[in-house]
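One structure is given here, and the rest of the page talks about it.
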Amino acid sequence: MADPLQVQCCIAGGGPAGMMLGLLLGRAGVRTVVLEKHADFLRDFRGDTVHPSTMMIMHELGLLDDFLKLPHSRIPALAVEIGNTCLKVADFTHVSAPCKFIALMPQWDFLNFMAEKAKAYPQFRLRMEADVTDLIVENGRVGGVRAQTPQGVLQVCADLTVGADGRHSTVREKAGMEVMDLGAPIDVLWMRLSRQPSDPDQTLGRFRAGKILVILNRGDYWQCAYVIPKGGFEPIQEKGLPAFREDIEIVAPFLRGRTNELKQWDDIKLLSVAVDRLRQWSRTGLLCIGDSAHAMSPIGGVGINLAIQDAVAAANILAPSLLRGAVTDGLLHEVQKRREFPTRMTQGFQVFAHKRFIGPALSHRAPLRGLPLPLKLLQRFPILRRIPARMLGLGFRPEHVRTRDANRRIEKQSPP
């Protein structure tokens, strides 16, 4: 067993929620360690739509200029193509934020950036290849975790343990927390296809009879999401890869010929979509945030942005008490109370979209004719496009950084 580690906050999971919370707590002077089970952040097809709400947080931290130097593409509006009709559904150019666009950025670049900035704070530590396997529980209180590392078992004792380890959270499983499954009738197949200069440069959701394809412009390639009914991957595989390639080309004819780049099923990654949330996000000494507390559908690309908002709210509410060495159950409940409303609203919107738009579109085998009423209104009255842009871009309850930079206060107090 490696030497035990004593911190004020131990965060399981180095994803967007974990890294943002770690940065904010370390910045505030809280002794914090983030445990990430992988050796690096290089994983494909993770959420990489960075919304105006997240870039507003970067602005408030003084990191936005450096952040925007990372490779990314910008989406000032979201559009869909239904049959032969192309329609803009969300216009971000009017949102009340420093950045009036969605940034498409590989999640590994985002997380490496966060790690680099967080390491500037002496109270922050990041341990890679530290896979949390169990909780330390004493007298009903969670007092830390045990993690498997290349050096052996690491024991971390903490005043507060935070589960930010995703929708398959070990932390919430070991804590025995109740998960409410809201249901998701879809899955998503992710893949890459090369992009040519003559291709359209707008990011589109394309709807054809019984088929939905979302294509994201990643510069030299398209990141493609093919939406299928829940559990529908096996029947697709039974029909064979050539039939699947043909389905892609029916939805996006400009990709004809390039689907041959999908040479085997390993080139296609299945995302089993889930929409769920914990009934209670905390127990004594433990809090879950991000996907650990509420798994989101990929609709709208809001997942990482909601997770980051959770982290900001948690830091705002908990940092002062962590610095004093005590976090009460009441404060943990306050985090859930603060973030449950936007979670419920967002998930309600996603479930509604699944039932009223996505599900019917997948079951509609005839050519699509005409637009649903909400889309007709967006087409007729462009000002209405600001509403979905506000919902997606900023969320139902945007958070702002309230924690202080402890290092800056120390620098000001130091003699010249």
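Couple of notes before you dig in:
- Qualifying residue in the range 213-232 (condition: over 25 Å from GLN347 (Cβ atoms), touching a strand residue (DSSP E or B) at 6+ places or on another chain (Cβ under 8 Å), surrounded by 12 or more Cβ atoms within 10 Å (Cβ to Cβ) and of a type in the set (Phe, Trp, Tyr)): yes
- Test: residue in the range 261-269 that is among the β-branched types (Val, Ile, Thr), closer than 30 Å to ASP181 by Cα and touching a helix residue (DSSP H, G or I) at 6+ places or on another chain (Cβ under 7 Å): no
Results for (1) open to solvent by 40 Å² or more (accessible area, probe 1.4 Å); (2) hydroxyl-bearing (Ser, Thr, Tyr), shown as yes or no for each residue.
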| site | (1), (2) |
| --- | --- |
| THR259 | no, yes |
| ASP276 | no, no |
| ASP291 | yes, no |
| MET296 | no, no |
| LEU323 | yes, no |
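- Scanning the range 79-134 for residues that are of a type in the set (Lys, Arg), farther than 27 Å from ARG385 by Cβ and either out of contact with any strand residue (DSSP E or B) (no Cβ under 8 Å at 6 or more places or on another chain) or open to solvent by less than 50 Å² (accessible area, probe 1.4 Å) (or both) returns a single hit, LYS117.
- Considering residues of the range 273-307 that are modelled with pLDDT of 95 or more and small (Gly, Ala, Ser) only, the residue farthest from PHE233 (Cα to Cα): GLY285
- Pair list, Cβ under 6 Å, 6 or more apart: the range 123-141 residue within 18 Å of SER282 (Cα to Cα), other residue assigned to a strand (DSSP E or B) and among the β-branched types (Val, Ile, Thr): VAL132/VAL145; LEU135/VAL142; LEU135/VAL145
- Residue check for SER96: in a loop (DSSP other than H, G, I, E, B) and out of contact with any Ser or Thr (no Cβ under 9 Å at 6 or more places or on another chain): yes
- Residue under evaluation GLY166, criteria (1) open to solvent by 30 Å² or more (accessible area, probe 1.4 Å); (2) touching a residue at least 40 places away in the same chain (Cβ under 8 Å), criterion not met: (1)
- Conditions (1) among the aliphatic types (A, V, I, L, M); (2) farther than 20 Å from LEU216 by Cα; (3) part of a strand (DSSP E or B): number failed by ALA120: (3)
- Subset of the range 183-223 [of a type in the set (D, E, K, R) and in a loop (DSSP other than H, G, I, E, B)]: ARG195, ASP199, ASP201, ARG218, ASP220
- Scope the range 189-212; condition out of contact with any Cys (no Cβ under 8 Å at 6 or more places or on another chain), open to solvent by 10 Å² or more (accessible area, probe 1.4 Å) and hydrophobic (A, V, I, L, M, F, W, C); matching residues: PHE207, ALA209
- Residue under evaluation ILE75, criteria (1) touching a strand residue (DSSP E or B) at 6+ places or on another chain (Cβ under 9 Å); (2) more than 19 Å from GLY303 (Cα to Cα); (3) open to solvent by less than 30 Å² (accessible area, probe 1.4 Å), criterion not met: (2)
- Residue within the range 41-56 that is in contact with a helix residue (DSSP H, G or I) (Cβ under 7 Å, 6 or more places away or on another chain) and free of Cβ contacts under 8 Å to residues at least 12 places away in the same chain present: no
- Restricted to helices (runs of 4 or more DSSP H) entirely inside the range 327-389, those with at least 2 residues that are over 20 Å from ALA79 (Cβ atoms) and either of a type in the set (Lys, Arg) or open to solvent by less than 90 Å² (accessible area, probe 1.4 Å) (or both) are 329-353, 359-363.
The values are calculated or read from the model by the stated rules, or taken from the named source; none is laboratory data. This one's a predicted model, so the numbers in the text were calculated from it and none came from an experiment. Backbone-built Cβ (ideal geometry, glycine too); neighbour counts: all protein chains shown. Surface accessibility is based on the protein's heavy atoms, side chains included, excluding ligands, DNA and RNA. Shrake-Rupley method; radii C 1.70, N 1.55, O 1.52, S 1.80 Å.
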